[in-house]
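Q: The structure under discussion is supplied below as structure tokens; questions concerning it will follow.
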Amino acid sequence: MINKPLAPGSTIGIFGGGQLGRMLAMAAARLGLHAHIYSPQHNAPAFEVSKKQTVAPYTDLNAVKEFASQVDVATVEFENIPLDTYEHAAKYTTIAPGQTALAISQDRLAEKKFLSSHGIPVAPYFEINRETDIVSAIYKLGQDGILKTRRMGYDGKGQIRLGANIDPDVAIKAYNGEPAVFEQLVNFNLEISCLVARDFKGEIVFYDCPRNVHRNQILAESHVPANIPDDLEKLARAFAAKIAEKLNYVGVLAVEFFAIGGVTDTPLIVNEIAPRVHNSGHWTMDACVCDQFENHIRAVAGWQLGTTRRHSNTMMVNMVGSDMDRWDEVASSEGAILHVYGKDETRDGRKMGHINYLYDID
Ligand code: AMP
């Protein structure tokens, strides 16, 4: 717990050095706070914009101790930091968010159980521990589903999609014996997310919900306003606030939803939660008074949260893989705000940057 706001000159430790860590470090620097990045990768994108860096494996608990002893608070830009690492850091500094949020979001099954226990709808699922469970899952939920590994899955990684015309043997053959869940395919109308920031006192602020478009299971675009009914936005906020409260969460939290069309008992289903700043909140950098990165830093540093007021309509477009070859064209086009993550290698499916387009609010 941080009782008194950390003054400029204090240090925020960040586990993870990807683009989210980079944008967090830049937000911290703007407030006069120093970022100390911990990453196992010697060329992490966050390194070039941070005051201090530690390059060490997450499992090096001596390095973790040394790092944690040098920072005023430690946070994460990536939820799959080993729990032992995060808990070890907590012996030497304040951590925010707490380890429960990480523990739950690291395991799809634990996450679904947590959400269901608080009355928050999730897609019908079946726990998979062995090959024969896949047959039982298909028998119970039908063949239209996705087999997802419980751990380390994101952006469609670790997922096998089945379907009415696909032989279940394909999934059985591809199944590698890792604990997984079989999730029924949700026939959603659209996808939205809700981003909240919560501080140590329990104050919560919300950003407007973006409508998100995925391609190849990777976020491609976010549109704000989402043009969804007010009731749906209110429900998304209520679910997100409940999750943040139940986790006694500090920082920015993202909740991804499937919105089901028509009149249904559960107009929203949670797909997943991310205990960190989120790709579907990148538009806040240019369309809001205080963006998600600054609000995360404010929350973990014990500052008053900033206003989430949106002054523009906006569309965020991700630059994935070779999309970045167009950087020159984008940089020269009127009204396109380009953000480049400084990754030294372009790979298929790798997030390299994003573009925010702004429009007047009518
Ligand atoms: P995930 O990695 O679980 O966040 O999934 C990435 C994307 O895949 C989601 O944003 C959806 O577009 C799609 N997806 C994942 N699970 C389901 C599901 N049960 N039903 C329909 N689409 C899904």
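Q: Expressed as cubic angstrom per residue, what is the convex hull volume of the alpha carbon set of segment 1-78?
A: Details: hull volume 6.3 nm³, N = 78.
About 81 Å³ per residue, rounded to a whole number.
Q: OK, next. Determine the relative contact order of the chain: mean sequence separation of Cα pairs under 8 Å and six or more apart, normalised by residue count, in whole percent. Show your work: numbers first, answer last.
A: On the way: 784 pairs, mean separation 53.7, N = 362.
Across the chain, relative contact order equals 15 percent.
Q: Another one. Can you give me the long-range amide H partners of Cys288? Hydrogens built in the peptide plane at 1.01 Å from N, cutoff under 5 Å, separation of 5 or more residues or another chain.
A: His311
Q: While we're on this one: Give the average over all directions of the projected area of the C-alpha convex hull of segment 124-184, one decimal, in nm².
A: 3.6 nm²
Q: If you project the alpha carbons of the chain onto their three principal axes, what span does each projection cover, largest first, in Å?
A: So the three principal-axis extents are 59, 53, 42 Å.
Q: Among Lys4, Lys148, which comes first, second and so on when ranked by fewest other beta-carbon atoms within 10 Å?
A: Numbers: Lys4 6, Lys148 22.
Least to most surrounded, the residues fall as Lys4, Lys148.
Q: Between Thr307 and Ala29, what is the label-point separation in nm under the 7 Å Cα-to-beta-carbon projection?
A: 2.7 nm
Q: Something else about it: Convert each backbone phi in segment 29-45 into a coupling constant with the Karplus relation 6.51 cos²θ - 1.76 cosθ + 1.60 (shift: θ = phi - 60°), then list the ³J(HN,Hα) values in order as whole Hz, x for Gly and Pro.
A: So the J values, rounded to whole Hz, are 4, 5, 8, x, 9, 8, 9, 10, 9, 10, 8, x, 9, 6, 10, 4, x.
Q: Further question on the same structure: Neighbour counts of other C-beta atoms within 10 Å: give me Val300, Val317, Val330 arranged from fewest to most.
A: Numbers: Val300 31, Val317 21, Val330 17.
Lowest count first: Val330, Val317, Val300.
Q: Pull out the extension gain between His118 and Asn187, defined as 0.36 nm times the separation in residues minus the alpha carbon to alpha carbon distance; nm, one decimal. Let's see the in-between values first.
A: Numbers: separation 69, 0.36 × 69 = 24.84 nm, distance 2.33 nm.
So the extension gain works out to 22.5 nm.
Q: Per-residue HN-Hα couplings for segment 217-227, Karplus 6.51 cos²θ - 1.76 cosθ + 1.60 at θ = phi - 60°, whole Hz, x for Gly and Pro?
A: 3J(HN,Hα) across segment 217-227, in whole Hz: 6, 10, 4, 10, 9, 10, 10, 9, x, 7, 6.
Q: Which of the listed residues, Ile192, Gly349, His296, is farthest toward the dipole's positive end in segment 190-359, when Lys, Arg count +1 and Asp, Glu count -1 at the beta-carbon?
A: His296
Q: Using the number of other C-beta atoms within 10 angstrom as an exposure proxy, rank Tyr207, Tyr175 with the fewest first. Each step should come with its number before you reach the end.
A: On the way: Tyr207 28, Tyr175 18.
Fewest to most other Cβ atoms nearby, the residues stand as Tyr175, Tyr207.
Q: Here is a further query. Using 1/(1 + (r/R0)^6) with R0 = 30 angstrom and r between the beta carbons of Leu358 and Glu48, what's the FRET efficiency to the nearest 0.05?
A: On the way: r = 27 Å, r/R0 = 0.89.
Working from the Cβ atoms, E equals 0.65.
Q: Once you've got the Cα coordinates, tell me which of Lys91/Lys343; Lys52/Lys91; Lys91/Lys351; Lys246/Lys351; Lys91/Lys201 are over 26 Å apart.
A: On the way: Lys91/Lys343 33 Å; Lys52/Lys91 21 Å; Lys91/Lys351 34 Å; Lys246/Lys351 31 Å; Lys91/Lys201 22 Å.
Among Lys91/Lys343; Lys52/Lys91; Lys91/Lys351; Lys246/Lys351; Lys91/Lys201, the Cα-Cα distance tops 26 Å for Lys91/Lys343; Lys91/Lys351; Lys246/Lys351.
Readers should treat all values here as calculations from the given coordinates under stated rules, not as data from a laboratory. Since we're looking at a predicted model, the values are computed, not measured. Glycine gets a Cβ as well: all are built from the backbone with ideal geometry, and neighbour counts include every protein chain shown.
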